[in-house]
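Heads up, the thing below is written out as structure tokens.
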Amino acid sequence: MRNKQVVVIGGSQDTENHDTAYRIGEHIARKGYTLITGGRGGIMESASRGAYESGGTVIGILPSAGLDDANRYCTVVIPTGIGYARNVINVLCADIIIAVGGKAGTLTELAYAWNYKKPIIACTFIKGWSSSIPEQGIDDREGGRVFRAGSIQEVFSLLDGFFRSE
């Protein structure tokens, strides 16, 4: 049986929300889910660290071609060499996506998630696309489900509830 795969997306330069991303990664590992990120810094590194320090599997899918370009907490590194186009790979690997803030790269992942009908937990308590998308939406077509999380505890509850209901 394959592990449940949770993709955490957010800004590569975001250091303000380190604790939130760390706690999300920690929760993912403690529940036995696999964490997947873009493998770089900011939110990705903080979530990776939380999962790694809790004994979890951490997969980093990189935009670059170098194995050594990943943050040090990735236990599996997949270099793609395709730049931001790798965002579609990140999304397709997800059973569910957790958006923590984010800028343009996160927006592309949210749009891919919508188009591929992937469920999204949007951290509405963090500035950036994760708080804007639930209000603005992506477009008027049917897409993935967007769950609003107003706190870290709601993130955990939504995530665990999603896997219980499968």
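Data overview
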item: Residues of the range 5-16 that turn out to be surrounded by fewer than 23 Cβ atoms within 10 Å (Cβ to Cβ) and part of a loop (DSSP other than H, G, I, E, B), as a count; result: 4
item: Within the range 51-67, considering residues that are of a type in the set (A, V, I, L, M) and part of a strand (DSSP E or B), the one surrounded by the fewest Cβ atoms within 10 Å (Cβ to Cβ); result: Ile59
item: Any pair with Cβ under 8 angstrom, 6 or more apart, that starts in the range 67-81 at a residue that is without any contact (Cβ under 8 Å) to a residue 40 or more places away in the chain and more than 13 Å from Thr57 (Cα to Cα) and ends at one that is polar (S, T, N, Q) and not in a helix (DSSP H, G or I); result: Pro79/Ser64; Thr80/Ser64; Gly81/Ser64
item: The range 21-46, residues that are part of a helix (DSSP H, G or I) and under 17 Å from Lys103 (Cα atoms); result: Ala21, Ile43, Met44, Glu45, Ser46
item: Answer residue from the range 59-98, given it is within 24 Å of Asn17 (Cα to Cα) and of a type in the set (Ser, Thr, Tyr) and is modelled with the lowest pLDDT among those; result: Tyr84
item: Among (1) in a loop (DSSP other than H, G, I, E, B); (2) farther than 29 Å from Ser165 by Cα; (3) among the aliphatic types (A, V, I, L, M), the one test that Val77 misses; result: (1)
item: Conditions (1) in contact with a Phe, Trp or Tyr (Cβ under 9 Å, 6 or more places away or on another chain); (2) surrounded by fewer than 24 Cβ atoms within 10 Å (Cβ to Cβ): number failed by Trp114; result: (1)
item: From Ile82, Ile97, Ile78, Ile89, residue being touching an Asp or Glu at 6+ places or on another chain (Cβ under 8 Å) and farther than 18 Å from Asp139 by Cα; result: Ile97
item: Count of residues meeting criterion [touching a residue at least 12 places away in the same chain (Cβ under 8 Å) and assigned to a loop (DSSP other than H, G, I, E, B)] in the range 107-140; result: 11
item: Of residues in the range 68-88 being of a type in the set (A, V, I, L, M, F, W, C) and touching a Ser or Thr at 6+ places or on another chain (Cβ under 8 Å), the one surrounded by the fewest Cβ atoms within 10 Å (Cβ to Cβ); result: Val76
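To keep it simple, each residue is scored yes or no on (1) more than 23 Å from Gly60 (Cα to Cα); (2) surrounded by 21 or more Cβ atoms within 10 Å (Cβ to Cβ).
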site	(1), (2)
Ile97	no, yes
Glu109	no, yes
Lys118	no, yes
Phe147	yes, no
Phe156	no, no
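The values are calculated or read from the model by the stated rules, or taken from the named source; none is laboratory data. All values reported here derive from a predicted model rather than from experimental measurement. Methodologically, a virtual Cβ is constructed for each residue, glycine included, from the backbone with ideal geometry; neighbour enumeration extends over all protein chains shown.
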